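Trainee: The structure is given below, and queries will be raised subsequently.
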Amino acid sequence: MSTASATRPLVDPVNALLAVELLPIPAAIVGCDGVTASLVAANRPLRLAGLADDRGRCPLIDGLGDRIADFLRSTEITCSFAWTIGETIDRRFFAVTFSRSTPDLRSRCLVTLINETAHRHTERSLHREMTTDSLTGLPNRQGFGDLIEACEDRSDHAVLVVDLDRFGRFNACLGSLSGDELLISVARRIRGALRARDTLARIGGDEFGIFMAVDEDRSEAEHVAKRIRLALAAPFRLSEYEIKVECSIGIAFGGDEHDDGEDGGEELIRHAQFAVNRAKVTGKAEAYQTQAFAVVREQFAIETQLRRAIENGDMRLAFQPICDLSDGRIVCLEALARWRTPDGRDIGPAEFIPVAEESGLILPLGRWALGEATRTLAAWDEAAGGCCGVQVAVNLSPIQLQRDGIVGLVGDALAQTGLTGDRLKLELTESALVADPERTAQTMRALKDLGTTLAMDDFGTGYSNLAHLQTLPIDILKIDRSFVTGMLADRDKIAIVRAVLSLAQALSMRTVAEGVETNALAQTLSALGCNMGQGFLYARPLESADAYAMIAPPSA
């Protein structure tokens, strides 16, 4: 290398400026003496951006000088990152790139910047729109969840969900504009009942959420709930109406072994909403109970397994005798659904029937039970060489009466098995009458036209209208076991049983006492005028073969 070339400057500022001026984005060539960085050349977009000027002021070097020096001391060819400059109001966002031709070039590099400020502001505006309720200006469900997620330690916080009762009726009667006005007014009152650091959100059509800090103990959340109720106590004035708004409040506390995951904020909201369901029943603010959610999850698991059991034919019927109290003769066998899971676990009707009714599975389950019971009775007749001498009783759910074509199903079951209607007893509960009395009465008359026997099951535990009961084609009243069990030692129970028996006699109905477990009880019921008994005295629910063995004629 010649002496002239050795003393030549490392970077020609004129050529460097010409090079960077060709770039349409803010750019500069920055040199480094091994310790500190300095500006060699800057293009016009960089100066217009205020990151360098002709007076020697250079925010670019001030903000990124140390980082540039570190880059040049490294062996990297390129380096990209996000850079923010300015205060909150005039903050700008840039995507910055350092680059050089070879790792050995440690004296200078090219710095380019892409201004992302407008893009960031657009993103923020869109995010704000997506997370804000347009009606009230409060955070919406997503914004509320994001706010909870942003709290690093939720163990000393609580979420309250306020659900407005009857809002759907207000909206339907007064119109959506009045409904919106009511929501805005409710939001203002709730906001006034909260502390300055509590956050209010609208998380649903008629639901508001509150995220609050718990300083000392959890009773603070209950105090906030009371203040909210007081704030909503005064009627709201809408047009010419004064409307009283009531609410149900559910509370979920952070740190209750349910919000440790990534969606812990959403879990807290869901659990507070779950507590609202209980608050609607009790009429007071309710805190979420961990075990309650576990019960619901178990019910969903039962629903899934039950659906598969019905589809796969894994259900079975057991049969319990109903006997004439005068001579002990079996006159009927009640069909009872039984379920054993593939892992050998027996799940009782008290556990799976409510799940079936809530999920709608009671319809396919009821159809199966009716068909299986009539087929079994027909098989007993065939084995006996004729009528085996008993009825079979099948329970009907109120949901079946309301939503299924039960008359057609019964008619088809009788036709397919060749049975006459008098061989089938259908048992209904009092709740079936309360749900839709007129429709139920019409259905019962149609069932009677098929020749079936109708029984009122668990009589005395519901709310049936006695005057209406008189007009229904009911043949049998079944006295609930809660009145029969322990009756001999309880005068009140004896009085109730005597009254039911007198009512049945007046209405020309026969009676069945459930829960008969001793001879003394059976004899007392017979002396009081009860016709039939059912209980462990005679037999527990039996498999089909065992039940037939009790009724089979001696020659069969």
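Trainee: Could you list all residues from region 71-117 that are at pLDDT 90 or above and of a type in the set (A, V, I, L, M)?
Mentor: L72, I77, A82, I85, A95, V96, L110, V111, L113, I114
Trainee: Please determine whether any residue of region 96-119 is touching a residue at least 40 places away in the same chain (Cβ under 8 Å) and within 23 Å of M212 (Cβ to Cβ).
Mentor: Within region 96-119, the first condition is being touching a residue at least 40 places away in the same chain (Cβ under 8 Å), and the residues that meet it are 106-115.
Subset that is within 23 Å of M212 (Cβ to Cβ): none.
Within region 96-119, not a single residue is touching a residue at least 40 places away in the same chain (Cβ under 8 Å) and within 23 Å of M212 (Cβ to Cβ).
Trainee: Which residues, counting only those in region 300-338, are within 28 Å of the chain's Cα centre (by Cα), exposed (fewer than 15 other Cβ atoms within 10 Å of the Cβ) and not charged (D, E, K, R)?
Mentor: Within region 300-338, F300, A301, T304, N312 meet the criteria.
Trainee: Okay, next question. Restricting to region 178-221, name every residue that is within 27 Å of the chain's Cα centre (by Cα) and of a type in the set (D, E).
Mentor: D180, D198, D206, E207, E220
Trainee: Tell me, which strands (runs of 3 or more DSSP E) wholly within region 475-556 include 1 or more residues that are charged (D, E, K, R)? Steps first, please.
Mentor: Numbers: elements: 476-479, 510-514, 532-534.
The qualifying strands (runs of 3 or more DSSP E) are 476-479, 510-514.
Matching residues to (1) closer than 30 Å to E207 by Cα; (2) out of contact with any Lys or Arg (no Cβ under 9 Å at 6 or more places or on another chain); (3) without any contact (Cβ under 8 Å) to a residue 60 or more places away in the chain; (4) open to solvent by less than 50 Å² (accessible area, probe 1.4 Å):
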site: C58; (1), (2), (3), (4): no, yes, yes, yes
site: A82; (1), (2), (3), (4): no, yes, yes, no
site: P139; (1), (2), (3), (4): yes, no, no, yes
site: Q142; (1), (2), (3), (4): yes, yes, yes, no
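Here's the yes/no breakdown for (1) modelled with pLDDT under 90; (2) under 24 Å from T440 (Cβ atoms); (3) aromatic (F, W, Y):
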position	(1), (2), (3)
L333	no, no, no
R340	yes, no, no
D346	yes, no, no
E357	yes, yes, no
A373	no, yes, no
A383	no, no, no
V392	no, yes, no
G411	no, yes, no
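Trainee: Need pairs with beta-carbon distance below 6 Å; first residue more than 27 Å from V484 (Cα to Cα) and within region 444-460, second open to solvent by 10 Å² or more (accessible area, probe 1.4 Å) and charged (D, E, K, R); sequence gap 6+ or separate chains.
Mentor: Correct list of pairs: G451/D422.
Trainee: Something else now. Step by step: first the residues of region 242-252, then only those that are open to solvent by less than 20 Å² (accessible area, probe 1.4 Å) and part of a strand (DSSP E or B), then the one that is modelled with the lowest pLDDT. Which residue is that?
Mentor: I243
Trainee: Identify, by number, the condition in (1) among the hydrophobic types (A, V, I, L, M, F, W, C); (2) in contact (Cβ under 8 Å) with a residue 24 or more places away in the chain; (3) closer than 30 Å to P26 by Cα that L126 doesn't meet.
Mentor: Here L126 meets the rest and fails (2).
Trainee: Please work out which residue is most open to solvent (accessible area, probe 1.4 Å), limiting yourself to region 339-398 and to residues that are β-branched (V, I, T) and outside any strand (DSSP E or B). Reasoning before the result, please.
Mentor: Step one: list which residues in region 339-398 are β-branched (V, I, T), which gives 341, 347, 353, 355, 362, 374, 376, 390, 392, 394.
Still in the running and outside any strand (DSSP E or B): 341, 353, 355, 362, 374, 376, 390.
Details: T341: 10, I353: 48, V355: 12, I362: 11, T374: 2, T376: 17, V390: 5 Å².
In this case the residue turns out to be I353.
Trainee: Quick check: is even one residue across region 168-176 under 20 Å from F253 (Cβ atoms), out of contact with any Ser or Thr (no Cβ under 8 Å at 6 or more places or on another chain) and either at pLDDT below 85 or of a type outside the set (V, I, T) (or both)?
Mentor: No, because not a single residue in region 168-176 is under 20 Å from F253 (Cβ atoms), out of contact with any Ser or Thr (no Cβ under 8 Å at 6 or more places or on another chain) and either at pLDDT below 85 or of a type outside the set (V, I, T) (or both).
Trainee: Can T471 be described as open to solvent by 60 Å² or more (accessible area, probe 1.4 Å), hydroxyl-bearing (S, T, Y), closer than 18 Å to L401 by Cβ and without any contact (Cβ under 8 Å) to a residue 40 or more places away in the chain?
Mentor: yes
Trainee: Just to be sure I understand the filter: pairs with C-beta atoms under 6 Å, separated by 6 or more residues or on different chains, first member in region 171-191 and more than 16 Å from G204 (Cα to Cα) and touching a residue at least 40 places away in the same chain (Cβ under 8 Å), second member open to solvent by less than 50 Å² (accessible area, probe 1.4 Å) and assigned to a helix (DSSP H, G or I). Which pairs pass?
Mentor: Here the result reads R189/A231, each pair linking region 171-191 to a residue that is open to solvent by less than 50 Å² (accessible area, probe 1.4 Å) and assigned to a helix (DSSP H, G or I).
Trainee: Please work out if V162 is buried (at least 20 other Cβ atoms within 10 Å of the Cβ), modelled with pLDDT of 90 or more and among the aliphatic types (A, V, I, L, M). Reasoning before the result, please.
Mentor: Values: buried (at least 20 other Cβ atoms within 10 Å of the Cβ): yes; modelled with pLDDT of 90 or more: yes; among the aliphatic types (A, V, I, L, M): yes.
It is true that V162 is buried (at least 20 other Cβ atoms within 10 Å of the Cβ), modelled with pLDDT of 90 or more and among the aliphatic types (A, V, I, L, M).
Trainee: Run D458 past the list (1) on the phi < 0 side of the Ramachandran plot; (2) open to solvent by less than 70 Å² (accessible area, probe 1.4 Å); (3) under 40 Å from the mean Cα position of the chain (by Cα) and report the number of the one that doesn't hold.
Mentor: All conditions pass for D458, except number (1).
Trainee: Take the residues in region 285-310 that are charged (D, E, K, R) and either at pLDDT 90 or above or touching a His at 6+ places or on another chain (Cβ under 6 Å) (or both); name whichever of them is nearest to P139 (Cα to Cα).
Mentor: By that ranking, first place goes to E286.
Trainee: For region 24-56, give me the residue count where each residue is in a loop (DSSP other than H, G, I, E, B) and either surrounded by 14 or more Cβ atoms within 10 Å (Cβ to Cβ) or aromatic (F, W, Y) (or both).
Mentor: Residues in region 24-56 being in a loop (DSSP other than H, G, I, E, B) and either surrounded by 14 or more Cβ atoms within 10 Å (Cβ to Cβ) or aromatic (F, W, Y) (or both): 7 in total.
The values are calculated or read from the model by the stated rules, or taken from the named source; none is laboratory data. These numbers were taken from a predicted model, which means no experiment stands behind them. Quick reminder, even Gly has a Cβ in these numbers, built from the backbone with ideal geometry, and neighbours come from all protein chains shown. The area values use the complete protein model at the heavy-atom level, side chains included, leaving out ligands, DNA and RNA. Shrake-Rupley method; radii C 1.70, N 1.55, O 1.52, S 1.80 Å.
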